[in-house]
Structures are given as structure tokens and as C-alpha cells.
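The values are calculated or read from the model by the stated rules, or taken from the named source; none is laboratory data. Please read these numbers as outputs of a predicted model, since none were measured by experiment. In this analysis, Cβ positions are derived from the backbone assuming ideal geometry, glycine residues included, and neighbour counts consider all displayed protein chains. Just so you know, the surface numbers come from the protein's heavy atoms only, side chains and all, with ligands and any DNA or RNA stripped out. Shrake-Rupley method; radii C 1.70, N 1.55, O 1.52, S 1.80 Å.
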Amino acid sequence: MERKEFLNLVGISVGAIILQNCISGCSKAADPAPALVPPVTPPTTGGGTTTVSGLTGNNSLAKGAIDFSVDITKTDFETLKTNGQAVVSGDVIIARTKAGDFLVVEKACTHQGTTVDFIADNSTFKCSNHGSIFDASGSVIKDPATKALKKYSATFDSAKNILKVI
Ligand code: FES
């Protein structure tokens, strides 16, 4: 092997080693720490939570006509003390508008049954599945749903903090 050939070979080898160290060093430095998986936050304006404490009567369509009362001072319904919030209970979603009025509609989107969420900013109900939107009376304002959500009568006794739904 000629001297020049030898030096070229050594130079390439040293360069390769330096490059390899740099790459491995760089990749270690660039590797991010394992990402923390954020906790799943349940929706505050609807979602799939079913509540029972503070409930009197029937909120299940399978058991007959919807006819119940909720005590909004009880833990499962106390969210409703705050305007702009909602809870799902049985087969309905109970929403309190930003103005403090109560709206109660069936929770299942009439398109394919996904539980709707309450959008407090404009008092609508939105399905996250395919984007249907229903107004405060349950009527469809955006498809693909074509049938209105059934709306129930809601009467609030502010002295007793009891909401009656039929
Ligand atoms: S299930 Fe609600 S829009 Fe399709």
C-alpha cells in the first residue's frame, strides 16, 4: 500500500468515527423526553356522563315517559348552578344557558345516536360525530341530522333549587 493510499484510508476511517460519534451524540441530545400523556378531561358541557344522585323520577326512555326532578344542590347536578354548563343524565342533556334558563333535550343525535354537547356561547347542541347542530328548541340547523332532538319542558323552582322535567 502506498503512503498516500494509507493516509487517505486512515483519514476516511477517522472521519467516519468522528461522524458516527457526532450523529449518535446529536441524536441523543435531540431525542425528546417521553411525552406525558395528558389526562383525559371529560367534557364540561355534555359528553357521556350519566348522573343519578339528586334525581327523582324517570330519565330513561326505556322505562317510559321522561318525567323527573333534579336537585341542583346535589353533587351530580351542582354543575347546573353555573350558567353555561350542562350535564347528561339518563337519556337527556340538561343545559343551563348563559342567561340562566334551563334547556332539556334528548341526548342522542338523531343522525346516528352520538351524545350531543351543549355549546353555551349560542345555546345550541352540537354532535361531535358528524357535526350536526341543533338549536335551543332541538330543531336541526346543520345537517346531516334531519330530525329534531326531542325537547322537554323544564321548570325551575329557584327557592328549592329543583328542576322539574317532563
Ligand atoms: S351522529 Fe350526530 S351528526 Fe352523525
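Among 141-151, 55-65, 84-94, sorting by the average number of other beta carbon atoms lying within 10 angstrom of each residue, highest first, gives 84-94, 141-151, 55-65.
When only the heavy atoms of the protein chains count and the probe is 1.4 Å, how do Phe77, Phe156 rank by accessible area, highest first?
So, going from the largest accessible area down, we get Phe156, Phe77.
With R₀ fixed at 35 Å, the C-beta to C-beta distance from Lys74 to Asp121 puts the FRET efficiency at about 0.85.
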